[in-house]
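Only one structure is covered here, and it is reproduced in the block below.
The values are calculated or read from the model by the stated rules, or taken from the named source; none is laboratory data. Please read all numbers here as calculations on a predicted model, not as lab measurements. When we count neighbours, we look across all protein chains shown, and the Cβ atoms used for this are built from the backbone with ideal geometry, even at glycine. In case anyone asks, the SASA skips ligands and DNA or RNA and just uses the protein heavy atoms, side chains included. Shrake-Rupley method; radii C 1.70, N 1.55, O 1.52, S 1.80 Å.
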Amino acid sequence: MNLFRIARQALALVLLVAVTERGLAQADTADRYTQTRTIGDGVTVTWIRDNAADHTMARSLFVDTPDSVMARLGLTDGVPATISTFLVETGGRINLFDTGYGFPDSRLADALRRLGHDPSEIDLVYLTHFHRDHIGGLMHGDTAAFPHAEVYASRPEYDAWMAMPPDRNAQQVKTMNAYRDRLHLFAFGDTLPGGVLTIDAVGHTPGHTAYRVGRLLIIGDLIHGAALQLERPEYSTSYDMDRPAAARTRRRILDYARREGLVMAGMHLPPPALLPSR
């Protein structure tokens with residue numbers, strides 16, 4: 001069995017094999033697009049897959065990675081991934097981390113309803129950054145998709161995108177304006193409602209943020225290709241605005257998760273997009 005198949009199987013099953021040592025409960029619900037787990041005391045997380053079709057990160061995205069490395073890992077045809085969001089229930093609040101693409105075939109809205117949550121019931125939306133596959137679901141046409149949600153984003157991320165030229169930030173400006181009365185900008189290190197700790201994860205974007213809730217660590221786009229970057233964190237992608245900084249951040253946060261024994265929730269990890277640190 002080659003390393004590519006081993007990596008896929010390990011990542012898909014890692015929660016089940018690590019239940020005892022990492023403190024994850026058995027899945028409460030599981031299907032192709034969602035999976036719910038309890039992590040530690042009082043934190044329930046549901047992975048929601050936003051992409052309707054299977055998703056692969058193209059080999060060409062990993063611009064710094066030698067062909068020899070991709071070939072050794074069996075990744076010459078790309079790296080399995082997802083477009084994911086996470087619903088976290090803790091302290092009586094319903095919190096959504098990122099919102100997916102918001103495409104006509106995106107699965108977030110349907111998944112929320114199947115889980116028994118109308119978009120109007122979402123209390124808080126935490127954004128890891130402002131790329132369209134993370135903020136697209138905030139809008140339904142020209143209307144805010146979450147009419148009662150308070151939205152949180154880092155001040156560096158907001159300032160950087162608002163300063164970009166119109167041909168780069170039109171969607172970001174429109175979306176932030178739709179939520180301007182409910183938009184909250186934070187500094188790294190702030191603790192937000194629900195006991196959510198904000199962590200500097202810059203590199204992918206100027207204000208890219210990781211969030212910690214108990215023993216759950218939402219890592220955003222820290223990892224685009226888990227089968228490559230968990231073994232070789234020094235390799236970034238063309239999506240990363242500052243590739244060297246992204247690599248440094250990846251090492252730092254992976255080390256942090258390992259030291260603290262955290263479960264990582266990544267927006268581009270392969271199903272079920274939850275990974276105990278190792």
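Which pairs do you get when a residue that is at positive phi and surrounded by 20 or more Cβ atoms within 10 Å (Cβ to Cβ), found in segment 84-102, comes within reach of a residue that is assigned to a strand (DSSP E or B) and hydroxyl-bearing (Ser, Thr, Tyr), reach meaning Cβ atoms under 8 angstrom, with the pair 6+ apart or on two chains?
Asp98/Ser84; Asp98/Thr85; Asp98/Tyr126; Gly100/Ser84; Gly100/Thr85
Going through segment 242-278 one residue at a time, which ones are more than 15 Å from the chain's Cα centre (by Cα), open to solvent by 50 Å² or more (accessible area, probe 1.4 Å) and closer than 17 Å to Val45 by Cβ?
Glu260
Among the residues of segment 137-159, is there at least one that is touching a strand residue (DSSP E or B) at 6+ places or on another chain (Cβ under 9 Å), open to solvent by 60 Å² or more (accessible area, probe 1.4 Å) and within 25 Å of Asp50 (Cβ to Cβ)?
Checked against the condition, which is being touching a strand residue (DSSP E or B) at 6+ places or on another chain (Cβ under 9 Å), open to solvent by 60 Å² or more (accessible area, probe 1.4 Å) and within 25 Å of Asp50 (Cβ to Cβ), segment 137-159 yields no hits at all.
Can you name the residue in segment 201-219 that is out of contact with any strand residue (DSSP E or B) (no Cβ under 6 Å at 6 or more places or on another chain) and farther than 16 Å from Gly189 by Cα and is also surrounded by the fewest Cβ atoms within 10 Å (Cβ to Cβ) among such residues?
Across segment 201-219, the extreme among qualifying residues is Gly203.
Quick check: is even one residue across segment 60-73 open to solvent by 30 Å² or more (accessible area, probe 1.4 Å), within 24 Å of Leu127 (Cβ to Cβ) and modelled with pLDDT of 95 or more?
Pass one, segment 60-73, residues open to solvent by 30 Å² or more (accessible area, probe 1.4 Å): 60, 63-64, 66-68, 71-72.
Now restrict to residues that are within 24 Å of Leu127 (Cβ to Cβ): none.
No: segment 60-73 contains no residue that is open to solvent by 30 Å² or more (accessible area, probe 1.4 Å), within 24 Å of Leu127 (Cβ to Cβ) and modelled with pLDDT of 95 or more.
Give the residues of segment 175-200 that are part of a helix (DSSP H, G or I) and either among the hydrophobic types (A, V, I, L, M, F, W, C) or surrounded by 14 or more Cβ atoms within 10 Å (Cβ to Cβ) (or both), sorted by residue number. Write out each step before concluding.
Kept after step one, since they are part of a helix (DSSP H, G or I), are these residues of segment 175-200: 175-178, 180-182.
Selection gives Thr175, Met176, Ala178, Arg182.
So the check is Cβ under 7 Å with 6+ separation or different chains; which pairs have a first residue in segment 40-54 that's surrounded by fewer than 19 Cβ atoms within 10 Å (Cβ to Cβ) and a second one that's among the aromatic types (Phe, Trp, Tyr)?
none
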